[in-house]
Amino acid sequence: MSVDDENTGTMPVREQHRFEAQRLADWMDRTLPDCRGLTGVEQFKGGQSNPTFLLTLADRRRLVLRRKPPGKLLPSAHAVDREFRIISALAQTDVPVARARALCLDDSVVGTPFYIMDYVEGRVFWEPDLPGLEPAERARLYDALNDVIARLHRVDYAAIGLGDYGRPGNYVRRQIDRWTKQYRASETETIEAMDRLIAWLPDHVPQDEATSIVHGDYRLDNVIFHPTEPRILAVLDWELSTLGNPVSDFAYHMMSWRLGGTTYRGLKGHDLAALGIPGEAEYRRRYCERTGRRELAHWEFYTAYNMFRLAGILQGIMGRVMEGTAANLRARETGARARAIAEAGWALAQPAGG
């Protein structure tokens, strides 16, 4: 079974994520009068963070519910209220998002806060080399990915009511501090490379004050493509979004070009020209053209920093595995990759750090 098959579609709701469907149905009848008649609840297979569910209505329409996981959570993690706020705001822009319907902060409905949005029919790809597609189609899909993140970084965030969505300036330094704390809070083993990155990164942060909306986890499997066209219909999983440094956000997206094999799903080692996928330099050039930048300064630092950050995210997944609250069936395998990612980050930092 391919990675796409394992993560695509739905399954019965996992035991640790179950809730009383009738209580949700009653809440929907009161709150969303045009979305009454809940008849089915299934859980999406994919995703590692906030459990996500497919809701079916009596008239066969479908909605999506995204909730905080139950159990002990890391501080500031799983902020579904922030997700709801940003997709509501971005509906005013040319960044494609699902329509946000309602937010519920009352734990008594499904056990944790949640929000409901429209279901978007389309394609989600989990393997970055896009097996089974023609080179020309791969090229168009990757160009659409590049275009949408550039659109996001061009949004006037103050104009859409997100001027207070984060703190402009010192984004990367604050993120290093945040992910160090998150990593320590969910640490299950000693990873020497991670300890070294934690010591090295704060002393090498570039003085770059550019600010935009950043997605925080923009990658191939967090977008829904049109069923037949190379066009993105919705960007998903805004949990880590804030105001921050756009180059660091783009560098996170481009880690796929540096990772591969057993380290993480990535493009390293693939013949990109044969696949029709742009190389790293070309993909960066297109982003610069779309955002009006001449270059992406401090690229190696931002890549090393993002490997540290990804390792912190993966360690959080492993922490949820140990707590028994992980959302994905392959969470243990995913979380175990934290060591390899940290080692890749430290290897990248060493030439600059000595």
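Laid out as a table, the results:
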{"quantity": "Among (1) assigned to a helix (DSSP H, G or I); (2) within 30 Å of residue 279 (Cβ to Cβ); (3) of a type in the set (A, V, I, L, M, F, W, C) - the single one residue 130 does not satisfy", "calculated": "(1)"}
{"quantity": "Condition met for residue 199 (surrounded by fewer than 20 Cβ atoms within 10 Å (Cβ to Cβ), outside any helix (DSSP H, G or I) and of a type in the set (A, V, I, L, M, F, W, C))", "calculated": "no"}
{"quantity": "Qualifying residue in region 204-215 (condition: modelled with pLDDT of 95 or more, more than 23 Å from residue 343 (Cα to Cα) and out of contact with any helix residue (DSSP H, G or I) (no Cβ under 8 Å at 6 or more places or on another chain))", "calculated": "no"}
{"quantity": "Region 155-195, residues that are more than 29 Å from residue 349 (Cα to Cα) and in contact with a helix residue (DSSP H, G or I) (Cβ under 9 Å, 6 or more places away or on another chain)", "calculated": "155, 157, 160, 161, 162, 165"}
{"quantity": "Among (1) without any contact (Cβ under 8 Å) to a residue 24 or more places away in the chain; (2) under 12 Å from residue 128 (Cα atoms); (3) part of a helix (DSSP H, G or I); (4) not small (Gly, Ala, Ser), the one test that residue 285 misses", "calculated": "(2)"}
{"quantity": "Residues satisfying the stated conditions in region 140-192, i.e. more than 21 Å from the chain's Cα centre (by Cα), in a helix (DSSP H, G or I) and over 21 Å from residue 306 (Cα atoms)", "calculated": "140"}
{"quantity": "From 283, 287, 264, residue being modelled with pLDDT under 95, aromatic (Phe, Trp, Tyr) and surrounded by 15 or more Cβ atoms within 10 Å (Cβ to Cβ)", "calculated": "264"}
{"quantity": "Pick from region 213-239, criterion touching a residue at least 40 places away in the same chain (Cβ under 8 Å) and more than 26 Å from residue 67 (Cα to Cα), ranking: surrounded by the fewest Cβ atoms within 10 Å (Cβ to Cβ)", "calculated": "227"}
{"quantity": "Unique match (being more than 15 Å from residue 25 (Cα to Cα), in contact with a helix residue (DSSP H, G or I) (Cβ under 9 Å, 6 or more places away or on another chain) and at pLDDT 95 or above) among 90, 74", "calculated": "90"}
{"quantity": "Residues (in contact with a helix residue (DSSP H, G or I) (Cβ under 8 Å, 6 or more places away or on another chain) and closer than 14 Å to residue 149 by Cβ) located in region 220-239", "calculated": "220, 223, 232, 235, 236, 237, 238"}
{"quantity": "Residue list for region 226-252, filter: assigned to a loop (DSSP other than H, G, I, E, B) and either within 11 Å of the chain's Cα centre (by Cα) or within 14 Å of residue 141 (Cα to Cα) (or both)", "calculated": "226, 227, 228, 229, 230, 231, 236, 237, 238, 239, 240, 241"}
{"quantity": "Among the residues listed as 18, 61, the single one being modelled with pLDDT of 95 or more and among the charged types (D, E, K, R)", "calculated": "61"}
{"quantity": "Failed condition for residue 146, given (1) crowded, with 17+ Cβ neighbours inside 10 Å; (2) outside the structural domain of residue 267 (by TED's automatic domain parsing); (3) of a type outside the set (Ser, Thr, Tyr)", "calculated": "(2)"}
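The values are calculated or read from the model by the stated rules, or taken from the named source; none is laboratory data. In this text, all values refer to a predicted model and were calculated from it rather than measured experimentally. No Cβ is skipped: glycine too gets one built from the backbone with ideal geometry, and neighbour counts run over all protein chains shown.
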